[in-house]
Each structure stands twice: as C-alpha cells, then as structure tokens.
Amino acid sequence: MKLITAILISLMLFPTLGLAQNPIAWPADEATKDPSFLTYRNAMLETIKTQDTEALLKFVDPNVHLSFGGDVGHDAMRRSLNLSEDDLSEEYKSQATELRQAYWNELETVLRLGGRFRDRAFVAPYTWMAKTPEGADAYKTYFVTGSNVLLRSAGNADAPIITRLSYNIVYNDDWDPDADYQAIRLPDGQTGYLSSQYLRSQIDYRAIFSKVSGKWEMTMFIAGD
C-alpha cells in the first residue's frame, strides 16, 4: 500500500505542459527494460483472451485496489469479471453482459497501451503519465491513441476531412457513449469530430504492477479521479 501511495503522489506531481498550441502525448512502452515483467504481461494478456477468471486472478495481488471507495481484493475483482444480472439494480440488469465484457476489454486495453516504470513499479497505460496542458480538466481531457486519425467536420465517416491527428491531447465537453464520433476541441481552439475508438479519457482505467515477494502482480486497477 505504501508503494501505491507513493506512486499516486508522484503521478499527481507529474509536471504539466505549458501553453503549447497542440501538445502531443507520444506512446511509450518500457516493458522490454525488464524481461521478467514482459513475460508476465504477455502471459496475462493470453489469459485475458480466455476470460478465465480464476486463472487471471493468479496475476493479481490478493489486496488489489479497485476503486477510490475501498473496493479491494480478489472477491471484489471476481464480481466485476463475472458480473451478472443479480449483481445489478433493476435498471442495469439488461446491461450485465455488456458491462462484464467492457471490464475484460479494459484490462486488455490497459496492458496493450504500454506504460513506464516508476518507483520499482510499472504504470500503465502510457497516457496516465503523459504531461497534460496546465489547468486542463481531467474529466474533459482525452488522448488520441493513433496516428493520422481523421478529424472530420461532422460526426460521420462521410464528412469532409479537416486534418489528421497523431497522439494529440484534445478536449471533449460532452461524451456520447453511443456515438461512433465525438465532438472534440484542440487546445488551439480548432474543433471537429473524431472516431470514438481512438479517444481515451485521462480518467479511464489504469493499473500499477509491482513485484510482491519477487513475483509481478497487478496491485491496482482503477478508473476515475
């Protein structure tokens, strides 16, 4: 817990960018610096493909932190991995399968988006440690996670192309979870629509991986701020 706290504090103090017109958050993956971690991550990714909950939990610290509200441990994570209608209130029961799959998908995405080593731990994805413009609202800040992504004048694939973006930091004031395209704004004021699949929120899921008794384990998997 002390290591996680230290990492979270250091990330909070991570420097922000100045008033550069349109800052970039270049992707980074330092996993190859530690072959033992790379082997661990590859094995975890293979296990995620099987969606075998008990096999996956072998990669996870028994005291894994899963929320800012005190959700901790294998049982809490097991509930999310095996989410069923019985775990949800009436209004959300019909979404059980979708929510369960989204959780598995986020695990895979976080691992595949790389990361960096910090204070003897691996922090993922790379976007978590990216410098953001000074004063940016974390709830409205998004990272473009691809290169030459088309910025269009309207929210459809046939709309005229304004420009292409590569790993830019952008803003979205009103995310629509059902839309294929989102209205975004660049720090320099330019606006347009970008495919939802290439946008990742600053407060989306992120993870910390630490060596526990000489063994790599996921010690935190959390979203929000």
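Computed quantities for the displayed model
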quantity: In segment 75-92, residue farthest from residue 222 (Cα to Cα) [restricted to those that are at pLDDT 90 or above, of a type outside the set (Ser, Thr, Tyr) and surrounded by 11 or more Cβ atoms within 10 Å (Cβ to Cβ)]; calculated: 85
quantity: Residue list for segment 97-108, filter: closer than 13 Å to residue 46 by Cα, surrounded by 17 or more Cβ atoms within 10 Å (Cβ to Cβ) and under 10 Å from the mean Cα position of the chain (by Cα); calculated: 107
quantity: Residues located in segment 174-206, provided they are in contact (Cβ under 8 Å) with a residue 60 or more places away in the chain and under 21 Å from residue 128 (Cα atoms); calculated: 186, 187, 200, 201, 202, 203, 204, 205, 206
quantity: Members of segment 138-173 found to be free of Cβ contacts under 8 Å to residues at least 60 places away in the same chain and out of contact with any strand residue (DSSP E or B) (no Cβ under 7 Å at 6 or more places or on another chain), listed by number; calculated: 146, 147, 157, 158, 173
quantity: Enumeration of residues in segment 182-215 that are in contact with a Leu (Cβ under 7 Å, 6 or more places away or on another chain) and among the hydrophobic types (A, V, I, L, M, F, W, C); calculated: 184, 194
quantity: Residues satisfying the stated conditions in segment 129-152, i.e. in contact with a helix residue (DSSP H, G or I) (Cβ under 7 Å, 6 or more places away or on another chain) and more than 11 Å from residue 168 (Cα to Cα); calculated: 129
quantity: Qualifying helices (runs of 4 or more DSSP H) (wholly inside segment 53-163; at least 2 residues being among the aromatic types (Phe, Trp, Tyr) and not assigned by TED's automatic domain parsing to the domain that holds residue 191); calculated: 96-112
quantity: Within segment 191-223, tally of residues that are not hydrophobic (A, V, I, L, M, F, W, C) and not in a strand (DSSP E or B); calculated: 8
quantity: Subset tally (residues that are under 25 Å from residue 64 (Cα atoms) and modelled with pLDDT of 95 or more) for segment 3-43; calculated: 16
quantity: Inter-residue pairs, beta-carbon under 7 Å, first more than 12 Å from residue 217 (Cβ to Cβ) and touching a residue at least 60 places away in the same chain (Cβ under 8 Å) and in segment 30-41, second assigned to a helix (DSSP H, G or I) and not hydrophobic (A, V, I, L, M, F, W, C), 6+ apart; calculated: 31/41
quantity: Segment 135-193, residues that are buried (at least 17 other Cβ atoms within 10 Å of the Cβ) and among the polar types (S, T, N, Q); calculated: 141, 145, 168, 172, 182
quantity: Boolean, residue 104 is at pLDDT below 95 and among the aromatic types (Phe, Trp, Tyr); calculated: no
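The values are calculated or read from the model by the stated rules, or taken from the named source; none is laboratory data. Computed from a predicted structure; not experimentally measured. Because the Cβ atoms are built from the backbone with ideal geometry, glycine has one as well, and the counts that use them run over all protein chains shown.
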